[in-house]
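The values are calculated or read from the model by the stated rules, or taken from the named source; none is laboratory data. It should be emphasised that the depicted structure is a prediction, and the values quoted were computed from it without experimental measurement. In this analysis, Cβ positions are derived from the backbone assuming ideal geometry, glycine residues included, and neighbour counts consider all displayed protein chains.
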Amino acid sequence: MLKTVVIGAGQAGLSAAYHLRRQGLEPEEDFVVLDANDGPGGAWRHRWPSLTFGSAHTIHDLPGLKVGIPDPTEPASSVVSRYYGDYEELFDLPVHRPEAVTEVVSPTPAGPLRVATTSGSWDAELIINGTGTWDRPYWPFYPGRELFLGNQLHTHDFQSARHFRGLHVVVVGAGTSAVQFLLQLADAGATTSWVTRRPPSFTGREFNAQWGREVEARVNERTAAGLPPASVVSTTGLPLTAQYQDGIAAGILVSAGPMRAITPEGVLLRNGTEIRADVILWATGFRPALDHLAPLKLREAGGGIRMEGVRVLKDPRVLLVGYGASASTLGATRAGRAAAIAAVKRLQKVGSRAAGMASEDQVQPVPPGTHLHAGQPTP
């Protein structure tokens with residue numbers, strides 16, 4: 001019986017594990033981290049090799065160890081995998097891999113949760129789920145998609161723009177990945193068309209702390225209402241950088257408009273124009289990878305999971321990080337800390353309630369090295 005199982009060893013999961021140790025939980029004895037990958041790096045280890053550290057979105061530091069200033073030409077997947085591996089070793093985090101979680105069930109309504117994996121199961125008083133989105137690429141439906149005679153692939157499977165030299169590629173999606181693919185493909189000798197449901201949302205606004213708070217507030221409004229989180233770009237817009245301005249001027253970053261259907265030879269736009277294509281690249285984002293939590297019935301009628309911070313309102317035994325406002329790289333680190341603190345508070349409440357000794361509101365951080373045992377007061 002563990003106190004906590006952390007599911008996922010990405011940024012949010014590692015941050016949570018670090019802070020669980022800081023709060024006094026012992027690795028292996030009190031908590032473990034289960035990771036489906038065969039090595040460190042989280043979703044970053046799967047990113048395409050042409051995505052270098054210098055061209056990637058900001059890679060935020062994990063608590064207690066800075067990522068430093070790696071070679072900007074090194075693939076981001078290599079940089080982050082090495083960094084996360086060093087982090088796990090430095091802080092002696094109990095990561096078990098490859099250990100893919102297949103489902104989480106509740107044998108009794110308020111008792112421990114059972115975390116089933118590909119090799120067995122773990123029982124824990126609560127879970128911190130940080131599985132992110134990488135394993136759930138989103139493919140929107142358009143009539144005729146199965147008829148297309150060319151090649152179709154998703155961001156999830158992209159490797160290098162040089163594979164498309166001399167081909168015409170239709171890029172579908174209005175997010176940052178779509179913009180980066182369009183520029184890479186053009187540089188590699190491909191021709192491109194950009195298809196978006198709505199006009200691209202470029203903004204010259206400075207992405208500062210105030211902007212971040214406003215974005216987080218808008219995302220939290222949806223999760224508090226039990227609605228699925230909106231796409232990142234619909235909330236943030238695209239930063240109008242000098243590189244993007246050059247792409248617009250060159251005609252590369254100009255949307256052809258929304259798509260109505262797919263034909264054997266290409267795509268049919270809503271205005272009746274047909275664009276012939278060799279390849280359709282679906283840069284249409286990802287959805288939260290939460291299928292393993294389905295037995296707990298956490299979703300609301302609106303399709304989302306109602307949250308208060310990192311707490312799932314339908315089940316206080318489940319803490320969710322990397323979902324909603326914490327899906328960003330900066331938000332994931334903060335959410336990991338919040339989840340660890342919330343986990344210890346709940347463990348103390350349960351233990352104090354069983355012992356009949358402490359008020360639920362009197363929760364203090366536990367000194368490192370202190371063991372939390374249900375049924376005993378916290379020292």
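Things to note:
- Meets criteria (in contact (Cβ under 8 Å) with a residue 24 or more places away in the chain and surrounded by fewer than 14 Cβ atoms within 10 Å (Cβ to Cβ)) for residue 92: yes
- One residue from 55, 50, 77 being modelled with pLDDT under 95, under 21 Å from residue 136 (Cβ atoms) and surrounded by fewer than 22 Cβ atoms within 10 Å (Cβ to Cβ): 77
- Neighbours by Cβ (under 9 Å, 6+ apart or cross-chain): first from the range 59-71, touching a residue at least 40 places away in the same chain (Cβ under 8 Å); second surrounded by 16 or more Cβ atoms within 10 Å (Cβ to Cβ) and of a type in the set (Gly, Ala, Ser): 59/76; 60/328; 60/332; 62/15; 62/336; 63/15; 63/336
- Of 153, 149, all but one fail to be more than 23 Å from residue 34 (Cα to Cα), part of a loop (DSSP other than H, G, I, E, B) and aliphatic (A, V, I, L, M); the exception is 149.
- Filtered residue count, the range 108-121, keeping only those that are surrounded by 13 or more Cβ atoms within 10 Å (Cβ to Cβ) and under 20 Å from residue 10 (Cα atoms): 3
- Total residues in the range 288-304 satisfying the condition of being in contact (Cβ under 8 Å) with a residue 40 or more places away in the chain, surrounded by fewer than 14 Cβ atoms within 10 Å (Cβ to Cβ) and part of a loop (DSSP other than H, G, I, E, B): the figure is 3.
- Scanning the range 23-35 for residues that are closer than 17 Å to residue 130 by Cβ and at pLDDT 95 or above gives 25, 27, 31, 32, 33, 34, 35.
- Total residues in the range 246-277 satisfying the condition of being among the small types (Gly, Ala, Ser) and closer than 15 Å to residue 200 by Cβ: the figure is 7.
- Hey, residue 31 among the hydrophobic types (A, V, I, L, M, F, W, C) and buried (at least 22 other Cβ atoms within 10 Å of the Cβ) or not: yes
- From 165, 114, 136, residue being in contact (Cβ under 8 Å) with a residue 60 or more places away in the chain and among the charged types (D, E, K, R): 136
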